[in-house]
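Just below is one structure, and these are the notes that go with it.
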Amino acid sequence: MRSFLLLLVFFGFSFAGLAQKLTVSGKVIDKETKEPLTFASIGLKGKSIGTITNMQGEFDFHLSSEMRNDFLVINMLGYKTFEAQIWKLLDVNPLVIEMEKSSFILNEVVISDTLTGGEILQIALSRIEQNYPMDPYLMYGFYRDLKKVGGTYISLLEAAVKIYDKDYKEPRNKNKLRESVALQEVRRSIGYSSRFTSYFDQDNLLEVLLRHNSVRYRHFPCEQSFFNEVSRLKDSYYDGQEIYILSHKGDYDLTVHVEKSTYAIIHIEYEEKIDDKLNKKRGMVSKLVSSKRVNNFKKFEGKYYMNYISLDSKVNWYDKETLELKFETELNQSLLINQVLPNAIGRISSSEKMKAYGLQYQDPPYNKKFWDKYNMIKESPLDRKIIEDLEKQGPLDTQFKDN
């Protein structure tokens, strides 16, 4: 009996240990300038879980205690990859990781091959089905959208989501969402009751954001004239690999990063110039000031999956009669993928699938324990400014619980 009780105690401690969570908190900076590195990719070697740094280069990375012997990996464009075992970092306080620029990017790069920027991009587009998943997969991610009017944040929505997709085949209808999405947890503020929210699109904003994956939805023009205008910039370095950097300037600015060895597109930045088109709404007219989106991809088990995607847009609102500027609205959206499950068998059922209308109307009860250990982008001074704006209507935790 005594041996049996000792065995129970042993297994009790063992299971408690397995259930424990570790958190690695740190800051990523440039070794020479000491400047913070924004959106550096944080992950575990050989595993698909991860996060990214915030605007101050800071991160909190939550993982299970059984991963303490795994290697933390940090990647940033133009820098050497950082690797260190988790257990060696846990007691370092403060943990400041200095990233060293690669000697490759510091030297002048001479383009010795004959490929033009347009030719490289054409090869990259032709190899999408080789470089991206062609079997069903699941992704888990952290979604956020922020609405701002006249310099003040009026609403915040944060959600943990599960995303299922069959493959990266080119869709026939590029305006129809191909992925299935389920909401795991949602928290939001009562800012959605503001009268100004009616000046923003009332659609499901996460669905809109997913359709801005330019590789998945093949947003690139097909005309040869477009490829003729794509130029090559200085080559660079990412995750131990040399990459091409391609650029297009015109009605919009486009930058594409392509890995040399595979011709995989790993990063896209797209910025649209001012749109002169006026749209009528609520007795006013609006004009797009700017729209910028970023797609970033991460390699896992030989294929490239979404790492994060963001979309920022600004719109000016004018008096319908006098065309006097009344106010400006800003919408900031982002999705961080913190885990990928390739070759997924289970898909998202119709009962758990998110609805086509706004996420703020389909959220489950606020679960504080879930969010305390969830891999999301670490709070920054900007986030605290957002919280200050929103808490003019009451403490945010209270708002979450009440909504």
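Listed here are the residues, each with its yes/no results for (1) over 30 Å from residue 118 (Cα atoms); (2) of a type in the set (Lys, Arg); (3) assigned by TED's automatic domain parsing to the domain that holds residue 52; (4) touching a Ser or Thr at 6+ places or on another chain (Cβ under 8 Å).
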{"site": "268", "(1), (2), (3), (4)": "no, no, no, yes"}
{"site": "292", "(1), (2), (3), (4)": "no, yes, no, yes"}
{"site": "299", "(1), (2), (3), (4)": "no, yes, no, no"}
{"site": "308", "(1), (2), (3), (4)": "no, no, no, yes"}
{"site": "323", "(1), (2), (3), (4)": "yes, no, no, no"}
{"site": "335", "(1), (2), (3), (4)": "no, no, no, yes"}
{"site": "352", "(1), (2), (3), (4)": "yes, no, no, no"}
{"site": "358", "(1), (2), (3), (4)": "yes, no, no, no"}
{"site": "361", "(1), (2), (3), (4)": "yes, no, no, no"}
Selection within the stretch 239-271 - surrounded by 16 or more Cβ atoms within 10 Å (Cβ to Cβ) and either among the aromatic types (Phe, Trp, Tyr) or within 30 Å of residue 326 (Cβ to Cβ) (or both) | 244, 263, 270
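With the requirement that a residue be under 24 Å from residue 266 (Cβ atoms) and of a type in the set (D, E, K, R), what does the stretch 284-306 give you?
Looking only at the stretch 284-306, we keep the residues that are under 24 Å from residue 266 (Cβ atoms), and these are 291-306.
Across the stretch 284-306, the qualifying residues are 292, 293, 298, 299, 301, 303.
How about the stretch 225-242: which of its residues are in contact with a helix residue (DSSP H, G or I) (Cβ under 9 Å, 6 or more places away or on another chain) and not in a helix (DSSP H, G or I)? Give the derivation first.
Here is the first cut: in the stretch 225-242, the residues in contact with a helix residue (DSSP H, G or I) (Cβ under 9 Å, 6 or more places away or on another chain) are 226-237, 242.
Within the stretch 225-242, 229, 230, 231, 232, 233, 234, 235, 236, 237, 242 meet the criteria.
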All conditions in (1) part of a loop (DSSP other than H, G, I, E, B); (2) farther than 17 Å from residue 209 by Cα; (3) modelled with pLDDT under 85 are true of residue 383 except (1)
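For the stretch 239-254, state whether one or more residues are among the polar types (S, T, N, Q), touching a residue at least 60 places away in the same chain (Cβ under 8 Å) and touching a Phe, Trp or Tyr at 6+ places or on another chain (Cβ under 9 Å). Before you say what the answer is, go through the steps one by one.
Taking the stretch 239-254 first, the residues among the polar types (S, T, N, Q) are 241, 247.
The next check asks that each one be touching a residue at least 60 places away in the same chain (Cβ under 8 Å); those that pass are 247.
Retained after the next criterion (residues that are touching a Phe, Trp or Tyr at 6+ places or on another chain (Cβ under 9 Å)): none.
The answer is no, given that none of the residues of the stretch 239-254 is among the polar types (S, T, N, Q), touching a residue at least 60 places away in the same chain (Cβ under 8 Å) and touching a Phe, Trp or Tyr at 6+ places or on another chain (Cβ under 9 Å).
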Which of the strands (runs of 3 or more DSSP E) contained wholly in the stretch 243-315 include at least 3 residues that are in contact with a Lys or Arg (Cβ under 6 Å, 6 or more places away or on another chain)?
-> 284-300
Tell me, please, whether a residue that is under 20 Å from the mean Cα position of the chain (by Cα), part of a helix (DSSP H, G or I) and within 22 Å of residue 330 (Cβ to Cβ) can be found in the stretch 190-206.
-> yes
Matching entry among 206, 177, 183 (being in the same structural domain as residue 284 (by TED's automatic domain parsing) and buried (at least 20 other Cβ atoms within 10 Å of the Cβ)) = 206
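In the stretch 271-315, how many residues are among the basic types (Lys, Arg) and within 16 Å of the chain's Cα centre (by Cα)?
Of the stretch 271-315, the ones among the basic types (Lys, Arg) are 273, 277, 280-282, 287, 292-293, 298-299, 303, 314.
Still in the running and within 16 Å of the chain's Cα centre (by Cα): 292-293, 298-299.
Selection size over the stretch 271-315: 4.
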Regarding residue 229, is this residue out of contact with any Ser or Thr (no Cβ under 7 Å at 6 or more places or on another chain) and either touching a residue at least 12 places away in the same chain (Cβ under 8 Å) or not assigned by TED's automatic domain parsing to the domain that holds residue 307 (or both)?
-> yes
Number of the exception - residue 323 against (1) among the hydrophobic types (A, V, I, L, M, F, W, C); (2) on the phi > 0 side of the Ramachandran plot; (3) at pLDDT 90 or above | (3)
Mind checking which residues of the stretch 1-56 are modelled with pLDDT under 50 and among the aliphatic types (A, V, I, L, M)?
-> 1, 5, 6, 7, 8, 9, 16, 18
Does the stretch 90-98 contain any residue that is at pLDDT 90 or above, touching a Lys or Arg at 6+ places or on another chain (Cβ under 6 Å) and farther than 18 Å from residue 337 by Cα?
-> yes
Is at least one residue of the stretch 36-57 surrounded by fewer than 19 Cβ atoms within 10 Å (Cβ to Cβ) and more than 27 Å from residue 258 (Cα to Cα)?
-> no
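Please find, within the stretch 335-372, the residue that is nearest to the chain's Cα centre (by Cα) out of those that are in a strand (DSSP E or B) and surrounded by fewer than 18 Cβ atoms within 10 Å (Cβ to Cβ). Write out each step before concluding.
Filtering the stretch 335-372 for residues in a strand (DSSP E or B) gives 335-341, 353, 357.
Okay, now just the ones that are also surrounded by fewer than 18 Cβ atoms within 10 Å (Cβ to Cβ), so 339, 341, 353, 357.
Values: 339: 12, 341: 17, 353: 21, 357: 22 Å.
Looking at residues that are in a strand (DSSP E or B) and surrounded by fewer than 18 Cβ atoms within 10 Å (Cβ to Cβ), I get 339.
Looking at 226, 220, 200, which is the one that is aromatic (Phe, Trp, Tyr) and under 22 Å from residue 357 (Cα atoms)? Give the steps one after another, and end with the answer.
Working: 226 fails: under 22 Å from residue 357 (Cα atoms); 220 fails: under 22 Å from residue 357 (Cα atoms).
Going through 226, 220, 200 in turn, just one is aromatic (Phe, Trp, Tyr) and under 22 Å from residue 357 (Cα atoms): 200.
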Qualifying residue in the stretch 272-294 (condition: within 17 Å of residue 121 (Cα to Cα), buried (at least 16 other Cβ atoms within 10 Å of the Cβ) and not hydrophobic (A, V, I, L, M, F, W, C)) = no
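The values are calculated or read from the model by the stated rules, or taken from the named source; none is laboratory data. If you're wondering where the values come from, they're calculated on a predicted model, not measured in any experiment. Note: ideal-geometry Cβ built from the backbone for every residue, glycine included; neighbour counts use all protein chains shown.
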